[in-house]
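What follows is a single structure, written as structure tokens, with notes after it.
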């Protein structure tokens, strides 16, 4: 059956529509054959993988400074080795600077292998749509675990605690030598090894001490707090604070050892004077110079109350 169109403009319009339909069908067929993953499979993959933390690790700085926020949809193409090959904006966030910042940020991740969902063909290019939502936080969110681990890294918390291992080793070795003056070198080596291994385990992810530190920080800091602190400690002044922190602590400890005996003497005299004024039958003994350092001396013994 044939249909004859006598109206030439209508005929031309129909011809153009048929061409467009053919193009759409061709593109649709190509998309279906080049990407066999469903939307649910891609969504599940992006949520479970590290995609977001790699391609969008932070808020585009220019857009943040301008107070821009919004949701954008980016089509990302990965090469045969699952690295970002190209990024095209499908739906705008409504802000030019935010859109440009998003694309620039995604393309900067091109050196990282992102992996592929199970439904994607191996060794082939793969395209998918990734929604990115940039909104300002009210600052009340709990800092995520990975962010706190980054904070501990820039502040060298683990290194600082590991430096305390030598002090703990010295304390245990002193106790052993006091109880066993002829302790063998093998026994001393065992103590040194076990202290270092135990502390290292406690300060590793999953270790009791580190996990408790994460819990404590989450109770007292917000995500915005931690991000601000990380920015500070990555600055020149912040790095100086980290570098000199342990040195200052060591100097303060040495000064404290010198200052403590004299202060204890003054404090004992002040307290005894008050006791005498009030007619209380107590007196704190005046510590002798070096008394707390004497071998076997209980450092707290000078604070015992002696009935008069």
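Among the candidates 97, 104, 81, single out the residue that is in contact with a helix residue (DSSP H, G or I) (Cβ under 9 Å, 6 or more places away or on another chain) and more than 17 Å from residue 37 (Cβ to Cβ).
97
So that you can scan it fast, the table gives a plain yes or no per residue for (1) at pLDDT 90 or above; (2) assigned by TED's automatic domain parsing to the domain that holds residue 122; (3) more than 30 Å from residue 226 (Cα to Cα):
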position: 1; (1), (2), (3): no, no, yes
position: 6; (1), (2), (3): no, no, yes
position: 9; (1), (2), (3): no, no, yes
position: 14; (1), (2), (3): no, no, yes
position: 25; (1), (2), (3): no, no, yes
position: 53; (1), (2), (3): no, yes, no
position: 63; (1), (2), (3): no, yes, no
position: 67; (1), (2), (3): no, yes, no
position: 87; (1), (2), (3): yes, yes, yes
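Looking only at the stretch 121-130, decide whether some residue is part of a helix (DSSP H, G or I), surrounded by 12 or more Cβ atoms within 10 Å (Cβ to Cβ) and modelled with pLDDT of 85 or more.
No, the stretch 121-130 has no match at all.
Is the stretch 90-109 home to any residue that is under 24 Å from the mean Cα position of the chain (by Cα) and in a loop (DSSP other than H, G, I, E, B)?
no
The values are calculated or read from the model by the stated rules, or taken from the named source; none is laboratory data. Worth saying up front: this structure is predicted, and the values here are computed from it rather than measured. We place every Cβ from the backbone using ideal geometry, glycine too, and count neighbours over all the protein chains shown.
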